[in-house]
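K.L.:
Can you read through this structure? Questions will come right after.
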Amino acid sequence: MLRTRGFTLIEVMVVLVIVGLVATGIGVSLNALEGRESARAVERLRLVLEATAERAAVRGQPIAVEFLADGYRFAAFDTDGSWRALVDPPLFVERVLPAAVQRRQLRIEGREASVQPRLVFASAAPEFELGLDTPDGPVWLIGRATGAVDKRRSRDVAP
């Protein structure tokens, strides 16, 4: 009797179903990781803005947060009257935001900021609204004159 080698149609279909289930599981896991990475990046930005306000007030040296197309960086005002890059790891280093997080809008003291805005913290913190688009929807970081930064899901600002 002549026996041919190979797989039956049922065996091939079972393998394809298993591969499809594994690929779906990996895709869902990657989406969940992207959402968590975005949430962590927004929270890190909120905390670093609060720390910037505190450091500028305590040291009496203005510090600027410059928002780039894909992230943010810091600059300190020198005694010679110029801004210099501030690199003080781990807090004050240039950061790139995840691709899923985009700056939507920045209003400082009630006015729309420029195309490449600079948020300056000095002895008093500025009041600002920073809108970010995230995978979970828009998030607003609301900066208070006290230096506190609140996170909101809507732009409604409570006193």
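The values are calculated or read from the model by the stated rules, or taken from the named source; none is laboratory data. Keep in mind that this is a model prediction, so the values were computed, not measured. Cβ placement follows ideal geometry from the backbone for every residue including glycine, while neighbour counts extend to all protein chains displayed.
K.L.:
All but one of (1) surrounded by 17 or more Cβ atoms within 10 Å (Cβ to Cβ); (2) at pLDDT 95 or above hold for Asp150, so report the exception by its number.
P.N.:
Among (1) surrounded by 17 or more Cβ atoms within 10 Å (Cβ to Cβ); (2) at pLDDT 95 or above, the lone unmet condition for Asp150 is (1).
K.L.:
Let me ask you something else. Which of the residues spanning segment 108-119 are of a type outside the set (Asp, Glu), touching a residue at least 12 places away in the same chain (Cβ under 8 Å) and either outside any loop (DSSP other than H, G, I, E, B) or touching a Pro at 6+ places or on another chain (Cβ under 9 Å) (or both)?
P.N.:
Across segment 108-119, the qualifying residues are Ile108, Arg118, Leu119.
K.L.:
If Gly131 meets every condition in (1) in contact (Cβ under 8 Å) with a residue 60 or more places away in the chain; (2) within 17 Å of Leu97 (Cβ to Cβ) apart from one, which number is that one?
P.N.:
(1)
K.L.:
Under the condition of being surrounded by fewer than 18 Cβ atoms within 10 Å (Cβ to Cβ) and not in a helix (DSSP H, G or I), which residue from segment 35-65 is modelled with the highest pLDDT?
P.N.:
It comes out as Pro62.
K.L.:
Moving on. Hey, can you tell me all the residues within segment 66-107 that are charged (D, E, K, R), assigned to a loop (DSSP other than H, G, I, E, B) and either farther than 28 Å from Arg36 by Cβ or free of Cβ contacts under 8 Å to residues at least 12 places away in the same chain (or both)?
P.N.:
Of segment 66-107, the ones charged (D, E, K, R) are 66, 70, 73, 78, 80, 84, 88, 94-95, 103-104, 107.
Narrowing the set further to residues that are assigned to a loop (DSSP other than H, G, I, E, B) leaves 70, 78, 80, 94.
Residues satisfying the conditions are Asp78, Asp80.
K.L.:
Next question. Against the definition (at pLDDT 95 or above and either crowded, with 17+ Cβ neighbours inside 10 Å or not aromatic (Phe, Trp, Tyr) (or both)), how does Phe92 come out, yes or no?
P.N.:
On the way: at pLDDT 95 or above: no; either crowded, with 17+ Cβ neighbours inside 10 Å or not aromatic (Phe, Trp, Tyr) (or both): yes.
For Phe92, the condition - at pLDDT 95 or above and either crowded, with 17+ Cβ neighbours inside 10 Å or not aromatic (Phe, Trp, Tyr) (or both) - is not met.
K.L.:
Report, ordered by the first and then the second residue, all pairs with beta carbons closer than 7 Å, sequence separation of six or more or different chains, a first member in segment 147-159 that is over 15 Å from Arg104 (Cα atoms), and a second member that is among the small types (Gly, Ala, Ser) and modelled with pLDDT of 55 or more.
P.N.:
Once the first residue is over 15 Å from Arg104 (Cα atoms) and sits in segment 147-159, its partners that are among the small types (Gly, Ala, Ser) and modelled with pLDDT of 55 or more give Gly147/Ala53; Gly147/Ala57; Gly147/Ala125; Val149/Gly143.
K.L.:
Next up: Can you tell me which of (1) modelled with pLDDT of 90 or more; (2) loosely packed, with under 12 Cβ neighbours inside 10 Å; (3) not in a helix (DSSP H, G or I) is the one Arg5 doesn't meet?
P.N.:
Failed condition: (1).
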